[in-house]
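Asker: The structure under discussion is supplied below as structure tokens; questions concerning it will follow.
The values are calculated or read from the model by the stated rules, or taken from the named source; none is laboratory data. Computed from a predicted structure; not experimentally measured. A quick note on method: Cβ atoms are made from the backbone with ideal geometry, for glycine too, and the neighbour counts reach across all protein chains shown. To get the accessible areas, we keep the full protein, side chains included, count just its heavy atoms, and leave off ligands, DNA and RNA. Shrake-Rupley method; radii C 1.70, N 1.55, O 1.52, S 1.80 Å.
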Amino acid sequence: MSNNFFTKLMCTMYFCIFGTSAMAQGWSYPTESIQRLPYEYGLGTEDAPYVITNAQQLADLSWYVNNGTTYKVVYFKLGNDIDLNPSVKFNSDFTITSANNKEPQQWIPIGFGMSGQFFAGNFDGDGHKISGVYPKVVIGERYNSYAWGVGNDKFYACGLFGVVSNSVISNLTIENSLIILKDTELTENVFEGYYTHIGMFAAAMKGGSICNCKNFGHILVENTNSTLIGGLIGYAQSGNNSPFSMKDCENHGNLTYRGIPEYEYYNSNVIGGIAGKVIGDSFSNLLNTGTIRNEQVVTDGHYGSANSCGGVVYECSANKLSNIINTGDIYNGSGLFSSCTADSLMNSYNVGCVTNGCGIAHSAYLNVMKECYNNGDIQANEEYSDYIAGLVSILMHKEYSTLSEYHMEKCWNTGTVKHLNGYAAGLVVEFKRSLYGEYENDWVVNECFNIGSVMSTSVGMNAGGLIIWGPMKMVDCYNAGTLSADITYGLCYTVKELERCFNYEAKTYRAVESGSGIYSEYYCVFGDYYAPSVDNVYYLNISEDSESQDYETRMGKAMTIADFADGRVLGLLREGVQDSPWHQDRNDGYPKLNDADNTVSGISDIVVDKSLQTHKIFNLQGHFVGTELKALPIGIYIMNGKKILVR
């Protein structure tokens, strides 16, 4: 018989006798050479991994790695839940509660990252939990500074793991854990080459993957410089012949940066719910529910952290992005990403409230954006002068892509978009070609809509129902959201082709006094004086002043409420079109895209059913909000264990 057989037999006997429950065991980080192997079971192979059953064995693993054993292509598995601080509670407000005021025991990350001190094995949590992680910051070294994406050679690392190379971390949950890092803990000057990477699972990963992992721990960082903070990973990128990937991961912890850093570099300290910065192959099924805040303050007293948060990832570069979801509130950042680059972004959405950012991303470099939406309210304060939008502020083609067409399809916004000092749009403020102009193909925006209110309250600013600027074609799109600004565009400002589109918004622009008198403009469809190609484009006309309305219309055809309600507009939109996306719910008075209730295929776990009237309904934070769907505002709710989308 093989050694694998005996190993598996011993493991089976162990679990039958002792079970898999966590045992409160003391542990200490070794201070001298360990003579014993820290693993009692397994061979370290894929079929018979080393089994870690207690806190001391986990600490011994850290010692071995930090003393030069990388465990390349060696396999580990947890055999129990492990609690590193069993008498301590780490709270969501970053406070610590412990029995008898006992100081929590600090964890030494597995893999400093100095020469040869990194973990290169595979770590399978096997569905178990590690609790009480309270890691100490350590100084690491990039063994290939160029490959890590930063020219400096050294950095601080903080997490369960420090530096990981070409490894798979999987099936693990971290809970009741806390990272608190202040500048006073950093012994070296960051201006001499030190950066800081922080992640509850790993500070930095090169190659490999992280999958089916959940974080419930919290992170607070104060007054540091050049810091990448992630709920799971601080920084990750692909390695040689080992593309990095993430899938099926969740962050439920709160992450905050605050303070006045010595070095006031724009966005020098950034946060992502799952990761700070990642460069890899594909990222899918990522969820953040935690509150993400960046409160970096510069000397004039204003927040200097605009666009410095991503609900899921701060800065992301991948081939494919799919099922990326945020439900947490984001302060000084955007719902999913601050910036993302990918061939495609699919089936992703934000329902959290966003301050000083956009629903999906501030800037995106994509070729395809499909079935993505925002349902969270978005507001930018007076100190924030950049654009905001329901989806993306600036959408550009991805550089050096193998694709030849650029599409935004079946995307929408239902949240309120309000700017106190800049431009606002329901979907996108500005479409652009690539930075260097190599690609001449234009964007095609197809089957997209906005029904959220869009407004800018400062003098001279613009609000667009769908888009403001963009060299693109728009087909089968509409706006039904209320617009309020000095200059408003029902659909967009610039466009090349409009086909089968309409604006259902009543004329409610805001007129304000300026130096030259009353300053306001309203365009029912588009605002560019150079007329595009227009076919089957309509707008709601509630004005009796036909001459003025004709001037402001810009090529759309006026229709009444009755025209929309009785199906006339629907018939015109569907005329001569095979497999038209347009349908109508007669109770709502205007045509709908995709189907009668505006549901979009591909967004999982969302059902629309207004016939359910008397069951208890909860919001996404678990708070009871009532028993009647028809009495609730637009949003996503939980009823009978299912997500319900109310429009």
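Asker: So Phe15 passes all but one of these: (1) surrounded by 12 or more Cβ atoms within 10 Å (Cβ to Cβ); (2) out of contact with any helix residue (DSSP H, G or I) (no Cβ under 7 Å at 6 or more places or on another chain); (3) at pLDDT 95 or above. Which condition number does it fail?
Answerer: Failed condition: (3).
Asker: Is there any pair with a first residue in segment 57-71 that is more than 13 Å from Gly121 (Cα to Cα) and part of a helix (DSSP H, G or I) and a second that is open to solvent by less than 40 Å² (accessible area, probe 1.4 Å) and hydroxyl-bearing (Ser, Thr, Tyr) whose Cβ atoms are under 9 Å apart and which are 6 or more apart or on different chains, and what are they?
Answerer: If the second residue must be open to solvent by less than 40 Å² (accessible area, probe 1.4 Å) and hydroxyl-bearing (Ser, Thr, Tyr), the pairs left are Gln57/Tyr39; Asp60/Tyr39.
Asker: Give me a count of the residues in segment 535-564 that are over 13 Å from Phe502 (Cα atoms), at pLDDT below 85 and open to solvent by less than 90 Å² (accessible area, probe 1.4 Å).
Answerer: 6
Yes/no per residue for (1) in a strand (DSSP E or B); (2) in contact with a Cys (Cβ under 8 Å, 6 or more places away or on another chain):
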{"residue": "Val445", "(1), (2)": "yes, yes"}
{"residue": "Gly452", "(1), (2)": "no, no"}
{"residue": "Met455", "(1), (2)": "yes, no"}
{"residue": "Ser458", "(1), (2)": "no, no"}
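Asker: If I ask for residues that are modelled with pLDDT of 70 or more and either crowded, with 19+ Cβ neighbours inside 10 Å or polar (S, T, N, Q) (or both), which ones from segment 130-158 would you list?
Answerer: If the condition is that a residue be modelled with pLDDT of 70 or more and either crowded, with 19+ Cβ neighbours inside 10 Å or polar (S, T, N, Q) (or both), then Ile130, Ser131, Gly132, Val133, Tyr134, Pro135, Val137, Tyr156, Ala157, Cys158 are the ones that fit.
Asker: Looking at (1) modelled with pLDDT under 95; (2) in contact with a His (Cβ under 9 Å, 6 or more places away or on another chain); (3) open to solvent by 10 Å² or more (accessible area, probe 1.4 Å), which one does Gln237 not meet, given that it meets all the others?
Answerer: Of (1) modelled with pLDDT under 95; (2) in contact with a His (Cβ under 9 Å, 6 or more places away or on another chain); (3) open to solvent by 10 Å² or more (accessible area, probe 1.4 Å), only one is false for Gln237: (2).
Asker: Condition first: among the polar types (S, T, N, Q) and assigned to a loop (DSSP other than H, G, I, E, B). Now tell me which residues in segment 83-125 satisfy that.
Answerer: Asn85, Ser87, Asn91, Ser92, Thr95, Gln105, Gln106, Ser115, Gln117 - these are the residues of segment 83-125 that are among the polar types (S, T, N, Q) and assigned to a loop (DSSP other than H, G, I, E, B).
Asker: Looking at (1) in contact with a helix residue (DSSP H, G or I) (Cβ under 8 Å, 6 or more places away or on another chain); (2) of a type outside the set (Lys, Arg); (3) farther than 20 Å from Asp126 by Cβ; (4) at pLDDT 90 or above, which is the one condition that is false for Asp47?
Answerer: Every condition holds for Asp47 apart from (3).
Asker: Which condition from (1) at pLDDT 85 or above; (2) out of contact with any Leu (no Cβ under 6 Å at 6 or more places or on another chain); (3) open to solvent by 40 Å² or more (accessible area, probe 1.4 Å) is the one that His302 breaks?
Answerer: Among (1) at pLDDT 85 or above; (2) out of contact with any Leu (no Cβ under 6 Å at 6 or more places or on another chain); (3) open to solvent by 40 Å² or more (accessible area, probe 1.4 Å), the lone unmet condition for His302 is (1).
Results for (1) surrounded by fewer than 23 Cβ atoms within 10 Å (Cβ to Cβ); (2) among the charged types (D, E, K, R); (3) without any contact (Cβ under 8 Å) to a residue 12 or more places away in the chain, shown as yes or no for each residue.
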{"site": "His362", "(1), (2), (3)": "no, no, no"}
{"site": "Leu366", "(1), (2), (3)": "no, no, no"}
{"site": "Met369", "(1), (2), (3)": "no, no, no"}
{"site": "Gly376", "(1), (2), (3)": "no, no, no"}
{"site": "Tyr384", "(1), (2), (3)": "yes, no, no"}
{"site": "Ile388", "(1), (2), (3)": "no, no, no"}
{"site": "Ile394", "(1), (2), (3)": "yes, no, no"}
{"site": "Glu399", "(1), (2), (3)": "yes, yes, no"}
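Asker: Let me ask something else about it. With at pLDDT 90 or above, in contact with a Lys or Arg (Cβ under 9 Å, 6 or more places away or on another chain) and not small (Gly, Ala, Ser) as the only criterion, which of Val73, Val88 stands out?
Answerer: Result: Val88 is the single residue among Val73, Val88 that is at pLDDT 90 or above, in contact with a Lys or Arg (Cβ under 9 Å, 6 or more places away or on another chain) and not small (Gly, Ala, Ser).
Asker: Right, another one. Kindly indicate whether any position in segment 460-470 is over 27 Å from His397 (Cα atoms), at pLDDT below 90 and out of contact with any helix residue (DSSP H, G or I) (no Cβ under 7 Å at 6 or more places or on another chain).
Answerer: Yes; the residues of segment 460-470 include at least one that is over 27 Å from His397 (Cα atoms), at pLDDT below 90 and out of contact with any helix residue (DSSP H, G or I) (no Cβ under 7 Å at 6 or more places or on another chain).
Asker: List the number of the failed condition for Asn223; all other conditions in (1) at pLDDT below 90; (2) closer than 27 Å to Tyr75 by Cα; (3) surrounded by fewer than 24 Cβ atoms within 10 Å (Cβ to Cβ); (4) of a type outside the set (Asp, Glu) hold.
Answerer: It fails just one condition, (2).
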